[in-house]
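Following: one structure in structure tokens, then a few remarks.
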Amino acid sequence: MWAELLPVGRSAASGGYRRHAWNTADAECREWFREQAVGRGLTYELDRNGNQWAWLGDPQAGDAVVTGSHLDSVPDGGAYDGPLGVVSSFAALDELRSRGAEFRRPLAIVNFGDEEGARFGVACIGSRLTAGVLTREQAFELRDADGVRLPDAMERAGHDPAAIGADTDRLARVGAFVELHVEQGRYLTEEQPVGVAGAIWPHGRWRFDFHGEANHAGTTRIEDRRDPMLSYAGTVLAARERARLAGALATFGKVAVEPNGTNAIASLVRGWLDSRAADEATLERLVEEIRAAAAEQGERDGVRVELTRESFTPVVDFDPALRDRLAGTLGGVPVLPTGAGHDAGILASAVPTAMLFVRNPTGVSHSPAEHAEEADCLAGVAALAHVLEDLACR
């Protein structure tokens with residue numbers, strides 16, 4: 001399975017993956033998932049929001065145990081973030097079947113669509129729509145960098161967007177959701193390659209618009225410039241310093257410039273801030289400090305600054321009973337916090353959710369250097385199989 005997925009959406013230039021929502025690579029990944037489901041005799045289902053499901057047992061019975069993750073990537077992302085969870089889910093099911101396990105609850109494997117938000121700027125769109133966190137009206141307003149609306153992209157890919165929205169009936173049939181994911185950090189060890197997630201830091205995305213004045217780079221005096229790039233650069237530095245002092249995280253990882261000419265002073269710079277902290281009060285304070293620093297810098301530069309919050313996810317404490325059950329089932333493995341968002345975090349407000357982490361020896365994620373050793377991946381499969389057996393077979 002892993003070998004089949006590896007070439008899909010991989011850039012020859014960077015070695016990273018460009019599996020963005022509703023593009024050709026995404027379609028190939030979706031077809032791969034469908035083939036895995038059908039080849040195992042599972043009931044394949046595509047829900048109203050474009051999420052894929054593979055069912056063992058009656059999908060309507062209720063109290064189902066669900067596992068899985070996502071197959072899309074950030075721009076030039078790594079091979080493991082998302083796909084490891086989906087591949088491991090199929091492998092864990094294969095393991096349980098080979099042992100003759102008897103399932104007492106329905107089991108489903110899911111591929112949630114557009115988890116990374118690389119194309120439309122909002123993370124976890126598939127699970128957000130399902131949980132009602134993102135409304136149909138909000139989703140219809142989302143556009144990619146080329147101005148393509150989300151519903152139009154879905155329609156071009158063969159999915160009818162008319163029915164997207166909250167899927168409360170589906171979530172009511174889910175008794176537990178367990179997501180396996182490659183570790184994004186370096187807490188786990190060779191001796192203990194698998195851990196359980198305790199909580200997800202609150203996090204969000206904010207867009208800063210710096211409005212200046214376009215002009216000639218070679219003829220405009222420094223003192224006559226209203227250069228938004230200068231204000232943007234000052235804000236990036238301020239964000240780094242404020243985050244360091246707060247013990248939090250702030251990253252400007254995406255920028256758009258108009259008119260984007262080498263010999264032109266920009267008229268507009270848009271920068272997207274990703275910020276995360278251990279608690280919501282700290283995060284709110286940090287973003288306000290960055291906004292104030294941007295406004296102060298803009299005033300000095302003659303630049304108008306606007307701030308728009310594009311997405312926000314509050315702190316997620318995974319279901320304590322399910323979390324403790326997983327940790328106990330696996331013999332007391334470490335319980336780890338994480339600053340990364342996941343579909344399991346979005347669904348936590350609607351169903352009991354938990355996460356397993358598999359060791360990442362480099363600690364690198366969202367990069368082609370992202371890696372997990374085969375032995376650790378197999379340990380993850382064994383752990384997931386153990387957990388699913390406990391939840392669905394006893």
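Considering only residues in region 66-78 that are crowded, with 24+ Cβ neighbours inside 10 Å and aliphatic (A, V, I, L, M), the one that is farthest from residue 176 (Cα to Cα) turns out to be 71. Annotation note: of 340, 348, 321, the sole residue that is more than 30 Å from residue 13 (Cα to Cα) and within 15 Å of the chain's Cα centre (by Cα) is 348. Using the structure shown, decide if residue 328 is in a loop (DSSP other than H, G, I, E, B) and surrounded by fewer than 17 Cβ atoms within 10 Å (Cβ to Cβ). Considered against the rule, which asks whether it is in a loop (DSSP other than H, G, I, E, B) and surrounded by fewer than 17 Cβ atoms within 10 Å (Cβ to Cβ), residue 328 comes out as no. Here region 29-42 is the region considered, the condition is being in contact with a Leu (Cβ under 9 Å, 6 or more places away or on another chain) and part of a helix (DSSP H, G or I), and the residue that is farthest from residue 120 (Cα to Cα) is 36.
Among the residues of region 13-26, some residue qualifies, meaning at least one is part of a loop (DSSP other than H, G, I, E, B), farther than 29 Å from residue 195 by Cβ and of a type in the set (S, T, N, Q).
Checked across region 108-121, the condition of being over 25 Å from residue 256 (Cα atoms) and over 18 Å from the mean Cα position of the chain (by Cα) holds for at least one residue.
Among all residues of region 173-181, there is at least one that is over 21 Å from the mean Cα position of the chain (by Cα), open to solvent by 20 Å² or more (accessible area, probe 1.4 Å), under 29 Å from residue 322 (Cα atoms) and basic (Lys, Arg).
Taking (1) within 15 Å of residue 184 (Cα to Cα); (2) open to solvent by 60 Å² or more (accessible area, probe 1.4 Å); (3) of a type in the set (Gly, Ala, Ser) in turn, residue 369 satisfies each apart from (2).
The criterion of being part of a strand (DSSP E or B), closer than 30 Å to residue 105 by Cβ, open to solvent by 10 Å² or more (accessible area, probe 1.4 Å) and among the charged types (D, E, K, R) holds for residue 45.
With respect to residue 378, determine if the residue is more than 13 Å from residue 198 (Cβ to Cβ) and over 17 Å from the mean Cα position of the chain (by Cα). It is true that residue 378 is more than 13 Å from residue 198 (Cβ to Cβ) and over 17 Å from the mean Cα position of the chain (by Cα). Is it true that residue 310 is of a type in the set (D, E, K, R), modelled with pLDDT of 95 or more and more than 15 Å from residue 213 (Cα to Cα)? Criteria not met by residue 310. Taking the criterion of being open to solvent by less than 20 Å² (accessible area, probe 1.4 Å) and touching a strand residue (DSSP E or B) at 6+ places or on another chain (Cβ under 9 Å), the residues of region 10-30 that qualify are 11, 16, 17, 19, 25, 29.
Taken together, 101, 91, 131, 139 contain a single residue that is small (Gly, Ala, Ser), out of contact with any Phe, Trp or Tyr (no Cβ under 7 Å at 6 or more places or on another chain), surrounded by fewer than 24 Cβ atoms within 10 Å (Cβ to Cβ) and under 20 Å from residue 6 (Cβ atoms), which is 91.
The residues of region 194-205 that are touching a helix residue (DSSP H, G or I) at 6+ places or on another chain (Cβ under 8 Å) and open to solvent by less than 20 Å² (accessible area, probe 1.4 Å), listed by number, are 194, 196, 197, 198, 200, 202, 204.
Let's see how each residue does on (1) open to solvent by 40 Å² or more (accessible area, probe 1.4 Å); (2) within 30 Å of residue 384 (Cβ to Cβ); (3) touching a Phe, Trp or Tyr at 6+ places or on another chain (Cβ under 6 Å); (4) of a type outside the set (D, E, K, R):
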position: 276; (1), (2), (3), (4): yes, yes, yes, no
position: 282; (1), (2), (3), (4): no, no, no, yes
position: 286; (1), (2), (3), (4): no, no, no, yes
position: 293; (1), (2), (3), (4): no, no, no, yes
position: 300; (1), (2), (3), (4): yes, no, no, no
position: 304; (1), (2), (3), (4): yes, no, no, no
position: 311; (1), (2), (3), (4): no, yes, no, yes
position: 316; (1), (2), (3), (4): no, yes, no, yes
position: 324; (1), (2), (3), (4): yes, yes, no, no
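Would you mention how many residues in region 237-274 are touching a strand residue (DSSP E or B) at 6+ places or on another chain (Cβ under 6 Å), assigned to a helix (DSSP H, G or I) and either open to solvent by 50 Å² or more (accessible area, probe 1.4 Å) or farther than 18 Å from residue 308 by Cα (or both)? Here the count works out to 1.
The values are calculated or read from the model by the stated rules, or taken from the named source; none is laboratory data. Quick caveat, the model's predicted, so the values are computed rather than measured. Positions of Cβ are generated from backbone atoms using ideal geometry, with glycine treated the same way; all protein chains shown enter the neighbour counts. Please note that ligands, DNA and RNA were not included when accessible areas were found on the heavy atoms of the full protein model with its side chains. Shrake-Rupley method; radii C 1.70, N 1.55, O 1.52, S 1.80 Å.
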